[in-house]
Amino acid sequence: MEEGGSAHTSLLVKDDTSSHGEDSQSLLEQHQGPQLKSRGPDWRAPVIILVLECLESMAFNGIGTNLVVYIRSVLHGGIASSASTVSLWYGTSFFVPILGATIADTYLGNYKTVLISLIMYLLHEPSGSPVKNIFQVIVASFRNMGLEVPEDGSLRMRLLDKAAIISDQSLANGSCQGSWRLCTVTQVEELKVLIRLLPIWVTGILFGAAISQMHTTFIQQGTVMNTKIGSLSIPPASLYSFEVICVTLWVLLVNKVIVPATRTCFANGAELTQLQRIGIGRFLMIFAMAIAAFLEMKRLESVQVGEPLSIVWQLPQYIVIAGAECFAVITQFEFFHGQAPDSMKSMLTAFALLTTALGNYSSSAIITLVAGVTRVWHNPGWIPDDLNQGHLDYYYWCLTALSLANFFIYIYFASKYKLKKVVIN
């Protein structure tokens, strides 16, 4: 176990200045010389970053929100095919950060990765490939399948504990050498954390598929509504900007009203946990899809009488979906970053984005499947090129049912999840 022990030692090395008393502090002051006069905070770096983020968001969202209209009107794509294409585009956009996170954790570190790709900035040095560590534990556990796990081992996923066990025979003949046969306890526990996070992470995929409707079917729904308010014409894609404003208002509402209210409700003054907030977001998504379905029903009825509904009636579904984003998406980043092992924080934070990527891919698959299958049942199907001849409301009701099932699955696994204890120095 000396090899594993050395691995533990390297992980436990700390800064010398943090482990000594007043003598070390005084010695440090002697080396540093006279203290410089403290200046006020320098806001230049944050301002530059904010400006760059604003410009990047302007370009990304400017293209994304108008892409479905461009494909439909300029490239003459169908309703279903244009929505599917935009979902694939969004999915790929959110999938790319996984590559940057892997490079940051494994090779360059976050600072150098930011300089090269401007993808992310998190403070810690690379500590080997996390993906390689995962496969090492899996391979080692199967190689040590015949060994018995000590009684003091973890009760859950005991098979993985075998990756950190060495038999007397292996120790005698030296066959335990190599990280693919013997892993550290830290590696094993990190993989267990990932496995426990997996069910919660998976529920984020369908949640992302529902969110992607803002960039696809919501806009297509708006194009067949009355976009005139007096003499003012409202582009359907512009309602996404309204949703962004609503997210900001929801954040203020949560921090200033909902959180203080929960403190008074709980006897110990506790706040909503991260898992509870994510659950609220999953719950709100059910209502967002139901509102969109109900609106489409009323829109089809209004078309029959020759009085198309105003696009203003789309605002409620954008407001509710903004609340779902506020509770679930923002908290999801905090949750995965806090629960991730130290060597995988960048990767798991990017995995939170991966749910959005896979959600968009899932949305593309769902809408393609629904359009194809329902076209076989009856022509022209639920999502034809002319939405006035289809039943987009049925599609939204399907998403409502899927979101409801997704919510109950999340509740089950979240109630079973054991939070990682975070120590704040």
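The values are calculated or read from the model by the stated rules, or taken from the named source; none is laboratory data. Keep in mind the model is a prediction, meaning the values are calculated, not measured. So basically every Cβ, Gly included, is an ideal-geometry build from the backbone, and we count neighbours across all protein chains shown.
Just the residues that are in a helix (DSSP H, G or I) and over 18 Å from Ala324 (Cβ atoms), please, taken from the range 229-248.
Result: Pro236, Ala237, Ser238.
Using the structure shown, decide if Ser212 is more than 30 Å from Arg158 (Cα to Cα), touching a Phe, Trp or Tyr at 6+ places or on another chain (Cβ under 7 Å) and of a type in the set (Ser, Thr, Tyr).
Here the answer is yes, as Ser212 does meet what is asked.
Go through Tyr361, Tyr412, Tyr396 for me and flag whichever is of a type in the set (Phe, Trp, Tyr), surrounded by fewer than 20 Cβ atoms within 10 Å (Cβ to Cβ) and out of contact with any Pro (no Cβ under 7 Å at 6 or more places or on another chain).
Tyr412
Looking at the structure I just gave you, is Ile321 touching a helix residue (DSSP H, G or I) at 6+ places or on another chain (Cβ under 6 Å) and either polar (S, T, N, Q) or in contact (Cβ under 8 Å) with a residue 40 or more places away in the chain (or both)?
Criteria met by Ile321.
Kindly indicate which of Trp377, Trp382 is among the aromatic types (Phe, Trp, Tyr) and touching a residue at least 12 places away in the same chain (Cβ under 8 Å).
After applying the criteria, what remains is Trp382.
(1) within 30 Å of Leu419 (Cα to Cα); (2) surrounded by fewer than 20 Cβ atoms within 10 Å (Cβ to Cβ); (3) without any contact (Cβ under 8 Å) to a residue 40 or more places away in the chain: which one isn't true of Glu334, the others all being true?
(3)
Table: residues versus (1) polar (S, T, N, Q); (2) in contact with a helix residue (DSSP H, G or I) (Cβ under 7 Å, 6 or more places away or on another chain).
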| residue | (1), (2) |
| --- | --- |
| Phe266 | no, no |
| Arg282 | no, yes |
| Phe294 | no, no |
| Glu307 | no, no |
| Gln317 | yes, yes |
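Looking at (1) in a helix (DSSP H, G or I); (2) of a type outside the set (Val, Ile, Thr); (3) under 30 Å from Gln276 (Cβ atoms); (4) modelled with pLDDT under 90, which one does Tyr396 not meet, given that it meets all the others?
Condition (4) is where Tyr396 drops out.
Filter the range 371-392 for residues that are part of a helix (DSSP H, G or I) and either basic (Lys, Arg) or surrounded by fewer than 19 Cβ atoms within 10 Å (Cβ to Cβ) (or both); which is modelled with the lowest pLDDT?
Checking each candidate, the answer is Trp377.
Which one is surrounded by the most Cβ atoms within 10 Å (Cβ to Cβ) among residues in the range 292-310 that are in a helix (DSSP H, G or I) and over 30 Å from the mean Cα position of the chain (by Cα)?
Within the range 292-310, the match that is surrounded by the most Cβ atoms within 10 Å (Cβ to Cβ) is Arg299.
Kindly indicate whether any position in the range 344-360 is assigned to a helix (DSSP H, G or I) and either on the phi > 0 side of the Ramachandran plot or over 16 Å from the mean Cα position of the chain (by Cα) (or both).
Taking every residue of the range 344-360 in turn, none turns out to be assigned to a helix (DSSP H, G or I) and either on the phi > 0 side of the Ramachandran plot or over 16 Å from the mean Cα position of the chain (by Cα) (or both).
Of all residues in the range 210-237, how many are small (Gly, Ala, Ser) and free of Cβ contacts under 8 Å to residues at least 24 places away in the same chain?
Residues flagged as small (Gly, Ala, Ser) and free of Cβ contacts under 8 Å to residues at least 24 places away in the same chain within the range 210-237 amount to 3.
Scan (1) buried (at least 24 other Cβ atoms within 10 Å of the Cβ); (2) free of Cβ contacts under 8 Å to residues at least 12 places away in the same chain for the single condition Leu348 breaks and write down its number.
(2)
Just to be sure, is Arg277 surrounded by 11 or more Cβ atoms within 10 Å (Cβ to Cβ), within 19 Å of the chain's Cα centre (by Cα) and among the basic types (Lys, Arg)?
It is true that Arg277 is surrounded by 11 or more Cβ atoms within 10 Å (Cβ to Cβ), within 19 Å of the chain's Cα centre (by Cα) and among the basic types (Lys, Arg).
Among the candidates Ile286, Ile258, Ile291, which residue alone is β-branched (Val, Ile, Thr), within 26 Å of Phe408 (Cα to Cα) and in contact (Cβ under 8 Å) with a residue 40 or more places away in the chain?
Ile286
Would you confirm, using the coordinates I've provided, whether Gly222 is in a helix (DSSP H, G or I), under 28 Å from Ala401 (Cα atoms) and within 21 Å of the chain's Cα centre (by Cα)?
No; evaluated as a whole, the condition is false for this residue.
Confirm whether Ile321 is modelled with pLDDT of 85 or more and crowded, with 23+ Cβ neighbours inside 10 Å.
Here the answer is yes, as Ile321 does meet what is asked.
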